[in-house]
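The values are calculated or read from the model by the stated rules, or taken from the named source; none is laboratory data. Quick caveat: nothing in here was measured; it's all calculated off a predicted structure. Using ideal geometry, Cβ is built from the backbone for each residue, glycine included, and neighbour counts are taken over all protein chains shown. Heads up: the accessible areas ignore ligands, DNA and RNA and are worked out on the full protein's heavy atoms, side chains in. Shrake-Rupley method; radii C 1.70, N 1.55, O 1.52, S 1.80 Å.
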Amino acid sequence: MKQTVIAIVGPTAVGKTKLSIEVAETFNGEIISGDSMQVYKGMDIGTAKITPSEMRNIPHYMIDCKQPDEPFSVVDFQQSVKEYIKDISSRNKLPIIVGGSGLYIQSIVYDYNFSKQKRDEQLTKRLEEQIKEEGVMPLYHRLQEIDPQQAKKIHPNNHRRVIRALEVYKTTGLTMSEYHEKQQKQSPYHMKLIGLRMDRKILYERINNRVDQMMNDGLLEEVKYFFDQGLENCQSMKAIGYKEFIPYFKGEQSLERSVELLKRNSRRYAKRQYTWFKNKLDVDWYSLHPETIYNKFTIILKDIEGFLQDK
């Protein structure tokens with residue numbers, strides 16, 4: 001029998017965390033973060049990490065399990081989450097995945113088989129050497145030529161993902177996009193995907209306000225701590241909420257400009273998140289409005305109850 005899983009997805013600042021707590025309390029659930037950045041210890045404000053008081057004693061997983069200088073991949077995520085789902089289910093609890101990192105959620109929904117594609121360590125080393133000698137852009141341009149769809153999803157500074165996409169193409173003859181398309185479209189879980197959306201103008205206002213609140217809560221000090229640790233080039237510092245302040249610390253950009261860019265990048269990210277989930281996954285969408293959010297939550301909880309009874 002398939003294990004039952006609830007996944008709550010949608011753009012940043014839409015209300016996923018609040019709903020996840022309601023679902024967990026109502027249906028005896030435990031929560032797995034589906035956010036690629038909340039795994040990093042100490043990176044709390046910039047990742048909008050749930051606070052201990054907000055958790056309301058609900059167990060949470062995939063939070064604070066990596067040091068900021070450690071790499072973290074979708075494969076690492078998938079392997080850990082599958083184990084957590086198994087463990088939570090074995091205790092007759094409901095696993096609830098909550099997050100906005102599209103590929104990470106997708107890797108669980110469709111159980112992408114990354115492990116079959118072995119690494120070619122010699123090729124990886126050659127590509128790493130090439131980046132050291134020539135910079136990343138020649139390889140990134142190559143990726144744009146062979147797989148423009150995947151290139152759009154990868155920032156050139158993310159050397160690891162650029163190399164991995166080229167490596168998959170070189171060793172399989174398939175682009176990463178084609179490789180993903182070949183994956184099965186049948187979930188190994190009895191899963192309900194709940195998507196939250198909101199009027200764009202209202203959502204963007206919430207995002208702007210959230211950034212202002214992050215600044216009041218000490219985001220600048222949080223980022224400076226990791227910058228002073230020499231982590232500028234680590235994967236964790238490439239995230240929205242962190243990378244925007246590096247030019248400020250280097251004296252290349254004003255603080256006002258950094259905050260402005262963080263708001264803009266967050267709004268653009270929200271748009272990309274919604275597009276990804278809409279196009280890639282079979283999601284049941286619910287439109288929220290801040291003034292009636294708990295009324296809509298009541299409807300969602302009833303729908304989940306029906307889903308759980310049908311299994």
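Observations
- Only a single item in (1) farther than 19 Å from residue 261 by Cα; (2) outside any helix (DSSP H, G or I); (3) open to solvent by 20 Å² or more (accessible area, probe 1.4 Å) is not met by residue 194, and it is number (3).
- Elements of type helices (runs of 4 or more DSSP H) in the stretch 16-134, at least 2 residues being under 25 Å from residue 173 (Cα atoms): 74-90, 102-109, 121-134
- Odd one out for residue 4, checked against (1) surrounded by 22 or more Cβ atoms within 10 Å (Cβ to Cβ); (2) in contact with a strand residue (DSSP E or B) (Cβ under 8 Å, 6 or more places away or on another chain): (1)
- Being surrounded by 18 or more Cβ atoms within 10 Å (Cβ to Cβ) and not β-branched (Val, Ile, Thr) holds for only one residue in 260, 222, 252, and it is 222.
- The stretch 280-298 residues that are over 30 Å from residue 178 (Cβ atoms), paired with ones that are of a type in the set (D, E, K, R) and part of a helix (DSSP H, G or I) (beta carbon under 8 Å, 6 or more apart): 286/296; 287/296; 288/296; 289/296; 290/206; 293/18; 297/18; 297/22
- Among (1) open to solvent by 20 Å² or more (accessible area, probe 1.4 Å); (2) touching a Phe, Trp or Tyr at 6+ places or on another chain (Cβ under 7 Å), the one test that residue 46 misses: (1)
- Considering the stretch 219-269, and only residues there that are part of a loop (DSSP other than H, G, I, E, B) and of a type in the set (Asp, Glu), the residue that is farthest from the chain's Cα centre (by Cα) turns out to be 252.
- For the stretch 70-98, filtered to residues that are surrounded by 15 or more Cβ atoms within 10 Å (Cβ to Cβ) and in contact with a helix residue (DSSP H, G or I) (Cβ under 6 Å, 6 or more places away or on another chain), the residue that is modelled with the lowest pLDDT is 74.
- Condition met for residue 273 (in a loop (DSSP other than H, G, I, E, B) and surrounded by 14 or more Cβ atoms within 10 Å (Cβ to Cβ)): no
- Of all the residues in the stretch 299-308, those that are without any contact (Cβ under 8 Å) to a residue 24 or more places away in the chain and either over 18 Å from residue 27 (Cα atoms) or surrounded by 16 or more Cβ atoms within 10 Å (Cβ to Cβ) (or both) number 0.
- Taking the stretch 276-298 as the range and being open to solvent by 90 Å² or more (accessible area, probe 1.4 Å) and among the basic types (Lys, Arg) as the test, only 278 passes.
- Residue selected from the stretch 135-156 under the condition outside any helix (DSSP H, G or I) and surrounded by fewer than 15 Cβ atoms within 10 Å (Cβ to Cβ), by the criterion modelled with the highest pLDDT: 135
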